[in-house]
Amino acid sequence: MSKICGIVAEYNPFHNGHQYHMAESRKISGAGDVIVVMSGNFVQRGEPAIVDKFIRARMALLGGADMVLELPVGFSTASAEGFSFSAVYILGKTGMVTDLCFGAEAPNLECLQTIAHHLVNETEDFKAKLKAGLAKGVSFPKARADALKEILPYSENIINSPNNILAIEYLKALKKFNFDITPHAVPRKGANHHDDALIGKFASATALRKEILSGNLANLVDFMPMFSFDLLGGEPFNQIDNFSMIFHHNAQGSALEKHSADCYKITDVIANAKTKNITYTALKRLALSTVLGITPPKLPQYIRVLGFRREKSYLLSQLQTSAELPVITNLKNAPPELISDEVYATRMYWLGLKPQNITARNELSSPMVII
């Protein structure tokens with residue numbers, strides 16, 4: 001059986017760095033096929049995706065993916081651990097994926113695996129150091145990083161970088177689920193994850209979203225494959241503040257209620273609530289959970305195919321035979337209890353765009369993307 005490489009992504013939006021990572025993943029793993037698990041309409045930063053999932057799935061397929069699976073909304077908007085564990089779980093439960101490729105600022109796989117081992121197998125000493133850090137009022141990520149660097153001094157320059165953090169979580173997930181999947185770290189190229197300047201040919205998705213929301217779409221032509229740039233044209237762009245009215249409607253009794261009295265925009269509420277013991281992104285996820293009101297199961301309950309390349313249709317047949325979870329290709333035929341959260345989240349996504357007089361795409365009637 002030929003190798004199949006799995007990638008976890010958001011493609012928010014798909015840019016040159018993503019295309020580089022896709023090509024390098026195929027080369028490093030030696031895989032003949034690439035399957036991507038991609039966030040749906042809401043992403044891990046606690047925001048709506050800037051364009052909807054079917055547009056981004058098409059970008060991924062044009063950019064080199066052979067099949068795109070959806071990471072359900074309850075997991076795509078989770079913490080780094082929840083996001084990574086659920087995505088790896090889906091890849092493992094395909095029964096097909098042999099390799100996992102992920103980007104890393106420090107692509108030393110041995111170091112990343114050692115850190116993951118210590119976090120999966122926490123010693124009493126580590127637990128005590130973590131507890132002491134939390135008692136000081138710092139955020140959990142900082143307390144964990146501080147505790148870890150006392151045990152593994154070299155980890156200090158590794159665990160504070162966004163892609164390294166996700167890489168470690170992917171490795172933890174492989175250990176936890178004991179999947180027979182070989183991991184590979186792909187060096188991140190160009191701008192750092194949070195850099196918001198357009199430099200060289202490899203800008204971050206953060207920088208691209210900043211330009212898009214500022215109305216400077218033309219500035220992106222050098223930083224995205226042309227097919228991806230073209231797909232952005234004419235699309236509505238979503239952002240978290242579009243949901244401010246819904247947030248206030250649902251905020252009563254929430255953890256953010258007391259911070260919302262004097263603010264309307266969600267971003268202002270978050271700024272008002274920010275303290276040293278909780279990250280800005282964690283607050284955005286909290287605000288988004290107030291908007292969506294979704295409580296996911298512990299792990300994904302199905303595998304949904306968003307799209308595939310026509311010449312790789314054998315992957316769909318193979319998936320339907322080998323998968324250890326129900327495979328969904330058409331939501332109309334899916335058990336309502338499995339897909340109700342996704343249907344609801346998609347309605348909310350388009351409700352956020354309602355003031356722009358956009359015609360919403362119906363989740364139940366939107367076909368898979370086939371190119």
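The values are calculated or read from the model by the stated rules, or taken from the named source; none is laboratory data. What you are looking at is a predicted structure, and each value in this text was computed from that prediction instead of being measured. Positions of Cβ are generated from backbone atoms using ideal geometry, with glycine treated the same way; all protein chains shown enter the neighbour counts. Just the protein is used for accessible areas: all its heavy atoms, side chains included, with ligands, DNA and RNA removed. Shrake-Rupley method; radii C 1.70, N 1.55, O 1.52, S 1.80 Å.
Here are some notes:
- Taken over the range 155-168, the residue count meeting the criterion of being surrounded by 23 or more Cβ atoms within 10 Å (Cβ to Cβ) and either free of Cβ contacts under 8 Å to residues at least 40 places away in the same chain or closer than 14 Å to Ser79 by Cα (or both) is 2.
- Filter result for the condition that a residue is at pLDDT 95 or above and among the β-branched types (Val, Ile, Thr), over Thr123, Thr98: Thr98
Per-residue answers, yes or no, for (1) outside any loop (DSSP other than H, G, I, E, B); (2) at pLDDT 95 or above; (3) more than 15 Å from Phe75 (Cβ to Cβ):
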| residue | (1), (2), (3) |
| --- | --- |
| Met1 | no, no, yes |
| Cys5 | yes, yes, yes |
| Tyr11 | no, yes, yes |
| Ala23 | yes, yes, yes |
| Met38 | yes, yes, no |
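- Residue match in the range 23-32 (condition: farther than 22 Å from Lys312 by Cα and touching a residue at least 60 places away in the same chain (Cβ under 8 Å)): no
- Cross-chain or 6+ apart pairs with Cβ under 9 Å, the range 270-299 first and within 16 Å of Tyr344 (Cα to Cα) and at pLDDT below 95, then among the hydrophobic types (A, V, I, L, M, F, W, C) and in a helix (DSSP H, G or I): Ile294/Val73; Ile294/Ala345; Pro296/Val73; Pro296/Phe75
- Evaluating Gly17 against the criteria (1) within 15 Å of the chain's Cα centre (by Cα); (2) more than 23 Å from Ile358 (Cβ to Cβ) leaves one unmet condition, (1).
- Any hit, the range 320-330, residues being open to solvent by less than 30 Å² (accessible area, probe 1.4 Å), free of Cβ contacts under 8 Å to residues at least 40 places away in the same chain and either more than 22 Å from Pro48 (Cβ to Cβ) or touching a strand residue (DSSP E or B) at 6+ places or on another chain (Cβ under 9 Å) (or both): yes
- Within the range 87-98, the set of residues being assigned to a helix (DSSP H, G or I), surrounded by fewer than 24 Cβ atoms within 10 Å (Cβ to Cβ) and in contact with a helix residue (DSSP H, G or I) (Cβ under 8 Å, 6 or more places away or on another chain) comprises Tyr89, Gly92.
Here's the yes/no breakdown for (1) under 18 Å from Asn277 (Cβ atoms); (2) open to solvent by less than 10 Å² (accessible area, probe 1.4 Å):
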| site | (1), (2) |
| --- | --- |
| Gly103 | no, no |
| Ile115 | no, yes |
| Val120 | no, no |
| Lys127 | no, no |
| Gly133 | yes, no |
